[in-house]
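Chemist: Attaching a single structure in structure tokens format; questions to follow.
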Amino acid sequence: MTNRTTDGLEHDMEYLLLELHKDWECSGKTRATVVFQLEEMDEINRKLKQEITDRQEILSHEELTFEQSVKLSKQNYILLRLIKKILRKKLKGDYKSMECEFSVVLDKDEYRVFKELFQPVEG
């Protein structure tokens, strides 16, 4: 009976995580619009790649608790949404050709990640 309960709990946890992942894939209400200059794209791509590399290092080399793992997973989904939005706009060429800039609308979580990565720290 214990084995059956453990299997049931494991199944329930997998289901819960799948539902969380579905929710995390979707953006929330738009909270901010960020404008990028095309000449900034190399720096933006570099920072995003570095962030992904850093997160991969954490996943590969640290033992995480379940709570830490779920938090990191959520952060990764938010980062992925941010990356998708930026790349989608860039690839569509959805920007003003004369000004060489484009804007991306972000929800509150995406905007928080954007600020953490691209805004200078004041103080």
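Chemist: Of the conditions (1) surrounded by fewer than 14 Cβ atoms within 10 Å (Cβ to Cβ); (2) modelled with pLDDT under 85, Y95 satisfies every one except a single condition; which number is it?
Modeler: (1)
Chemist: Which residue is nearest to the chain's Cα centre (by Cα), if the candidates are limited to the stretch 25-66 and must be of a type in the set (D, E) and farther than 17 Å from E116 by Cβ? Can you show your working first?
Modeler: First, pick out the residues of the stretch 25-66 that are of a type in the set (D, E): 25, 39-40, 42-43, 51, 54, 57, 62-63.
Within this subset, residues satisfying the condition of being farther than 17 Å from E116 by Cβ are 25, 39, 42, 57, 62-63.
Values: E25: 9, E39: 23, D42: 19, E57: 16, E62: 20, E63: 21 Å.
The selected residue is E25.
Chemist: Restricting to the stretch 41-70, give me the number of residues that are surrounded by 14 or more Cβ atoms within 10 Å (Cβ to Cβ) and touching a Ser or Thr at 6+ places or on another chain (Cβ under 9 Å).
Modeler: 0
Chemist: Inside the stretch 1-43, can you point out the residues that are in contact (Cβ under 8 Å) with a residue 40 or more places away in the chain, assigned to a helix (DSSP H, G or I) and more than 20 Å from K108 (Cβ to Cβ)?
Modeler: L17, L38, E39, M41
Chemist: Something else about it: I'm checking my understanding of the structure. Among residues of the stretch 1-40 that are touching an Asp or Glu at 6+ places or on another chain (Cβ under 9 Å) and among the basic types (K, R), which one is surrounded by the most Cβ atoms within 10 Å (Cβ to Cβ)?
Modeler: The residue in question is R31.
The values are calculated or read from the model by the stated rules, or taken from the named source; none is laboratory data. Just so it is clear, the structure is predicted and the values come from calculations on it, not from any experiment. Neighbour counts are summed over all protein chains in view; Cβ atoms, including those assigned to glycine, are modelled from backbone coordinates with ideal geometry.
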